[in-house]
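Visitor: Sharing a structure below in structure tokens format, with a few things to ask.
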Amino acid sequence: MPATVDQIFVICKHWLLGFAPAGVQPIFSALLSVVPILVVFPLLFAITTVLERKGLGRIQNRYGPNRVGPCGFFQPIADGIKSLTKEDVVPATADRVAHFLAPLLLVAAAFLAYAVLPIGRNMVVANLNAGVLFFFAVGSMVELAVFMAGWASRSKYSLLGAMRAIAQMISYEVPLVLASVVVIMAAGSLSTVAIVNAQVGYTGIWPHWFVFTPWGFAGFVLFMIAATAESNRSPFDLPEGESEIIAGYYIEYSGFKFALFFLGEYLGMFATSGMAITLFLGGWAAPFSFLTWIPSYVWFFAKLLTLIAGFIWIRGTLPRLRMDQLMSFAWKFMLPMTLLNIFAAGVWHFMPAGYARWLACIALVVAPFLLLGRGLQQEKKSGIRSYRFAE
Amino acid sequence: MSSLTDYLLVSALLFSIGLAGALTRRNAILVLIGIELMLNAANLNFLAFWRYGPNPAALTGVLFAIFSISIAAAEAAVGLGIILAAHRHFKTTDVNQMNALKG
Amino acid sequence: MTVSFFILAALTIAGTVAAMSLRNLVHCVLALTLGFAGLAALYLQLGAQFVGFTQILVYVGAVAILAMFAIMMTQRAGAVAQPVFTPSRMPGWIAGGMIASAVFAVLAWAIHSSAALPKTLPPQALPSQADAGVRAIGNALMHRFVLPLEIMGLLLTAALIGAVLVAMQEQQEMP
């Protein structure tokens with residue numbers, strides 16, 4: 001019986017597929033896989049906005065939205081109606097085609113990333129051999145959309161925001177990819193399904209997730225930091241920096257296009273969180289062997305909501321970084337740490353199982369962490385400021 | 001499935017477009033982009049010959065394409081760096097005006 | 001010639017032609033990304049999944065963005081884009097176009113008249129294990145092509161350092 005509940009969506013899909021004539025079955029099958037994703041994740045976005053506003057409100061000692069519906073939970077509907085009925089203002093000097101295409105490209109790229117995320121047992125749109133590579137390739141298209149938005153608006157604020165965003169995203173893409181390399185090494189595959197399958201299994205009641213190894217834990221933390229920066233969230237929200245450049249690259253957008261930017265940003269955050277779950281937190285696998293009767297997709301979404309709660313908590317807690325701090329953190333801390341982490345994973349692979357392996361790997365991860373942290377602390381002595389800019 | 005000749009023709013067309021751009025455009029960045037297009041045309045050739053060749057299991061074409069992509073990336077980085085340095089010196093990116101050896 | 005191949009080829013050619021002929025530099029790069037994406041799709045159609053995704057990651061995600069940065073740093077704010085096709089530049093356009101068409105004509109003639117090309121043969125069957133592509137590429141990189149791989153790593157490091165050194169402003173020029 002649990003197996004049926006676990007596979008209910010897969011069974012439903014096959015049942016519906018039976019009604020389609022043979023000629024259109026491949027298209028119909030793809031449609032049946034894609035449409036639920038197009039429905040579920042925007043819904044999750046709506047829920048997340050209200051949860052985030054309420055959570056931030058609690059952290060900042062105020063009520064969040066509490067007027068629309070029970071406890072303010074119908075706020076996203078009101079927001080949606082508002083953004084749909086607002087006037088769509090396009091600046092007179094804007095490049096109209098690029099200005100129009102940028103939000104569409106952003107949302108399309110964000111949705112494409114879900115194609116390789118296994119959200120349950122046998123529930124993945126496309127099981128590609130190079131799934132992880134596909135994910136990062138699609139993620140790099142977001143930068144293009146951000147640039148188009150910032151440049152096409154012909155506004156200094158939006159161009160500044162776009163330049164900041166691209167510099168930050170390129171810098172943090174390197175540690176993001178390198179942090180996931182350890183998992184690819186351990187699983188021996190670039191396919192997301194194979195990576196999750198490598199983590200399904202239990203020793204006693206404990207699962208075989210990659211996060212429960214020294215290199216996996218370090219990789220997970222580094223991945224999440226880089227993911228926060230990739231999705232332009234606080235404390236890495238310089239591209240939006242409300243107090244400096246108002247709203248960054250989407251300042252000149254209004255109405256539904258603005259809502260699309262918001263949607264794309266949150267979808268990107270969910271996608272990278274989903275990738276972190278797939279790579280480090282065992283995908284849809286249950287955390288204890290006696291909980292495997294709960295369906296796999298429930299576990300995926302429970303983990304996703306936990307990570308989102310972490311994102312909200314971080315946003316409510318940490319102040320924004322400065323640009324030079326952001327860059328030096330990426331290149332002087334994240335990059336060496338991820339490279340050493342790859343080395344630690346290699347040591348783990350070639351040492352015999354036992355306490356020595358644990359000790360060696362923990363030392364390989366903790367020692368550089370302490371040294372690099374000290375190194376960053378000591379270069380606080382700043383001299384005369386010199387500005388570098390292009391003429 | 002289209003045949004090998006179609007891919008080769010597309011690749012030849014791509015190469016010619018890149019060549020025309022590199023020869024006629026005056027902005028150094030666009031000249032570089034034209035060169036990148038020619039490299040890409042070569043990549044398409046590698047992959048087409050790998051797919052239609054006698055021994056696709058050897059993967060030689062794929063690996064050549066991967067190496068070629070990395071070389072192209074390195075070339076773009078160095079090339080754009082040189083263009084920035086030249087722009088700082090000549091205050092222009094027009095290749096026709098970069099005609100003095102001495103600054 | 002299948003329909004999907006025709007659409008992708010047309011997309012690629014249109015993107016690259018636009019990239020080489022538009023007046024606004026940023027439009028050029030945007031069109032170029034379209035061409036690169038079409039090319040990546042052509043790679044996918046050839047069955048080279050890994051190279052197709054690498055193409056998007058490297059060209060759309062890195063080279064195009066790099067070119068954008070270079071344009072942003074070299075264009076003056078508010079500069080009006082100069083027209084590309086002017087009478088004074090016509091000789092250059094005609095000469096360049098003729099050279100390119102001559103090259104294309106020679107290539108097309110060579111492709112059509114070559115006896116060695118299997119014109120109507122279907123493509124060879126790919127080894128179709130579940131993980132064949134990426135695993136085989138990895139094995140080849142680590143065994144048969146390990147020396148080129150090392151040289152490539154050296155080259156990329158040299159390019160990284162070289163690009164930073166070339167583009168860095170000299171210290172005495174600082175205001």
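The values are calculated or read from the model by the stated rules, or taken from the named source; none is laboratory data. All values derive from a computational prediction rather than experimental measurement. Every residue, glycine among them, receives a Cβ derived from its backbone with ideal geometry; neighbour counts consider all protein chains shown. These accessible areas exclude ligands, DNA and RNA; they are computed on the full protein's heavy atoms, side chains included. Shrake-Rupley method; radii C 1.70, N 1.55, O 1.52, S 1.80 Å.
Visitor: Rank these by accessible area, largest first, 1.4 Å probe: A:Ser153, B:Ser70. Walk me through the numbers before you get to the answer.
Guide: Details: A:Ser153 0, B:Ser70 20 Å².
Output order, biggest surface exposure first: B:Ser70, A:Ser153.
Visitor: Rank A:Val138, A:Val90, A:Val24 by mean-square fluctuation in a GNM of chain A with C-alpha springs under 10 angstrom and give only the top-ranked residue.
Guide: A:Val24
Visitor: Okay, moving on. Restricted to Cα positions, what overall size does segment A:208-290 have along the principal axes? Three whole-Å values, descending.
Guide: Each principal axis gives a Cα extent; for segment A:208-290 these are 50, 24, 15 Å.
Visitor: Same structure, new question: Suppose a student asked you for the relative contact order of chain A, using Cα pairs under 8 Å spaced at least 6 residues apart; what percent would you report?
Guide: 21
Visitor: For the protein assembly as shown, divide the Cα radius of gyration by the Kirkwood radius and give the resulting Rg/Rh value with two decimals.
Guide: 0.96
Visitor: Run through all the Cα pairs of segment B:10-51 and give the fraction in each 10 Å bin from 0, expressed as whole percent.
Guide: 36, 44, 16, 3
Visitor: Here's another thing I want to ask about it. From the phi angles alone, apply the Karplus equation (6.51, -1.76, 1.60; θ = phi - 60°) to segment A:262-273 and give each ³J(HN,Hα) in whole Hz, x where the residue is Gly or Pro.
Guide: 4, 4, x, 5, 5, 5, x, 5, 4, 5, 5, 4
Visitor: First select every other residue whose beta carbon is under 11 angstrom from the beta carbon of B:Gln97; then total the charges, Lys and Arg +1, Asp and Glu -1.
Guide: Once positives and negatives cancel, what remains is +1.
Visitor: Further question: Find out how many positive minus negative residues lie around A:Ala179, taking Lys and Arg as positive, Asp and Glu as negative, among other residues whose Cβ is under 15 Å from that of A:Ala179.
Guide: Around A:Ala179, the charge tally is -2.
Visitor: Turning to a different aspect of this structure: Strictly greater than 41 Å: what percent of every Cα pair in chain A meets that? Each step should come with its number before you reach the end.
Guide: Numbers: 13237 of 76245 pairs.
So the pairs more than 41 Å apart make up 17 percent of the total in chain A.
Visitor: Quick one: pull the percentage of alpha-carbon pairs in segment A:7-66 with a separation above 20 Å.
Guide: Beyond 20 Å sits 51 percent of the P(r) for segment A:7-66.
Visitor: Estimate for me the total accessible surface buried between chains C and B (protein heavy atoms, probe 1.4 Å, no ligands or nucleic acids), in Å² to the nearest 100.
Guide: In total, this chain pair buries about 6600 Å².
Visitor: At 1.4 Å probe size, with every protein chain present, just tell me what the per residue accessible area of segment B:4-90 comes to in Å².
Guide: 29
Visitor: While we're here: Find the centroid of the Cα atoms in segment A:102-154 and in segment A:263-306, then give the distance between the two in whole Å.
Guide: 18
Visitor: Which trypsin sites (Lys or Arg not before Pro) from segment A:20-91 combine a DSSP loop assignment with at most 10 other Cβ atoms within 10 Å?
Guide: In loop regions of segment A:20-91 (DSSP not H, G, I, E or B), the sparsely surrounded trypsin sites (Lys or Arg not before Pro) are A:Arg62, A:Arg67.
Visitor: Placing +1 at every Lys and Arg Cβ and -1 at every Asp and Glu Cβ, with all other atoms neutral, what dipole size does segment A:248-381 have around its Cα centre, in debye to the nearest 20?
Guide: Charge dipole, segment A:248-381, about its Cα centre: 340 debye, nearest 20.
Visitor: Scanning chain A for chymotrypsin sites (Phe, Trp or Tyr not before Pro) in DSSP loops with at most 16 other Cβ atoms within 10 Å, what's the longest stretch left with none?
Guide: After excluding every exposed loop site, the longest remaining stretch is A:75-287.
Visitor: Oh, and also: Counting only other chains, and only Cβ atoms inside 10 Å, what mean value do you get across the residues of C:137-150?
Guide: Mean shielding count: 3.
Visitor: Next question. Any idea what the dipole of the protein assembly as shown comes to, in debye rounded to 20, about its Cα centre with Lys/Arg Cβ at +1 and Asp/Glu Cβ at -1?
Guide: 760
Visitor: Debye sum, Cα scatterers, chain B, no solvent: what log₁₀ I/I(0) at q = 0.24 1/Å?
Guide: Each listed q corresponds, in turn, to -1.20.
Visitor: For segment C:1-77, state the average projected area of the convex hull of the C-alpha atoms over all orientations, rounded to one decimal in nm².
Guide: For segment C:1-77, the mean projected area of the Cα convex hull comes to 5.1 nm².
Visitor: Okay, next question. Just need the relative contact order of segment A:138-242 here, percent rounded to a whole number, with Cα pairs under 8 Å and 6+ apart.
Guide: 28
Visitor: Next up: Using θ = phi - 60° and the Karplus form 6.51 cos²θ - 1.76 cosθ + 1.60, what ³J(HN,Hα) does each residue of segment C:51-63 get, whole Hz, x for Gly and Pro?
Guide: Ordered by residue, 3J(HN,Hα) equals 5, x, 5, 4, 4, 5, 4, 7, 7, 6, x, 10, 5 Hz.
Visitor: So, with +1 on the Cβ of K and R and -1 on the Cβ of D and E, and no other charges, what is the size of the charge dipole of chain B about its Cα centre, to the nearest 20 debye?
Guide: Values: 6 positive and 4 negative charges, 77 e Å.
Value, rounded to 20: 360 debye.
Visitor: Also, I was wondering about something else. Suppose a student asked you for the relative contact order of segment B:4-90, using Cα pairs under 8 Å spaced at least 6 residues apart; what percent would you report? Show your work: numbers first, answer last.
Guide: Numbers: 75 pairs, mean separation 24.2, N = 87.
Relative contact order for segment B:4-90 comes out at 28 percent.
Visitor: Of the cross-linked pairs A:Lys54/A:Lys257; A:Lys13/A:Lys303; A:Lys156/B:Lys91; A:Lys332/B:Lys91, which ones have a Cα-Cα span greater than 29 Å in the structure shown? Mind dumping the intermediate values first?
Guide: Details: A:Lys54/A:Lys257 24 Å; A:Lys13/A:Lys303 25 Å; A:Lys156/B:Lys91 22 Å; A:Lys332/B:Lys91 33 Å.
Table pairs above 29 Å Cα-Cα are A:Lys332/B:Lys91.
Visitor: Before I look further, what does chain A give for accessible area per residue, probe 1.4 Å, in whole square angstrom? Don't skip to the end; give the middle numbers.
Guide: On the way: 18870 Å² over 391 residues.
Per residue, chain A has an accessible area of 48 Å².
Visitor: Among A:Thr272, A:Thr213, A:Thr228, which one shows the biggest mean-square fluctuation in a GNM of chain A, springs joining Cα atoms closer than 10 Å?
Guide: Judging by the Gaussian network model, the answer is A:Thr213.
Visitor: Could I ask something else about it? Mind ranking A:Leu371, C:Leu25, C:Leu107 by accessible surface for me, highest first, 1.4 Å probe?
Guide: On the way: A:Leu371 125, C:Leu25 20, C:Leu107 65 Å².
Sorted by accessible area, descending: A:Leu371, C:Leu107, C:Leu25.
Visitor: Given a 1.4 Å probe and heavy atoms of the protein chains only, how would you sort A:Cys71, A:Cys12, A:Cys361, largest accessible area at the top?
Guide: I get A:Cys71, A:Cys12, A:Cys361, largest accessible area first.
Visitor: Compute a Gaussian network model of chain A, connecting alpha carbons closer than 10 Å, and tell me which residue from A:Thr93, A:Thr306, A:Thr338 fluctuates the most.
Guide: Of A:Thr93, A:Thr306, A:Thr338, the Gaussian network model singles out A:Thr93 as fluctuating most.
Visitor: What ³J(HN,Hα) values, in whole Hz, does the Karplus curve 6.51 cos²θ - 1.76 cosθ + 1.60 give for segment A:149-157 when θ = phi - 60°, with x put for Gly and Pro?
Guide: These are the phi-based 3J(HN,Hα) values: 4, x, 6, 5, 6, 6, 10, 5, 4 Hz.
Visitor: When N is the residue count of segment A:86-200, what does its C-alpha Rg come to as a fraction of 2.2 N^0.38 Å?
Guide: 1.33
Visitor: Please list, ordered by chain and number, the residues whose modelled amide H lies under 5 Å from the amide H of A:Gly283; skip anything fewer than 5 residues away on the same chain.
Guide: A:Thr278
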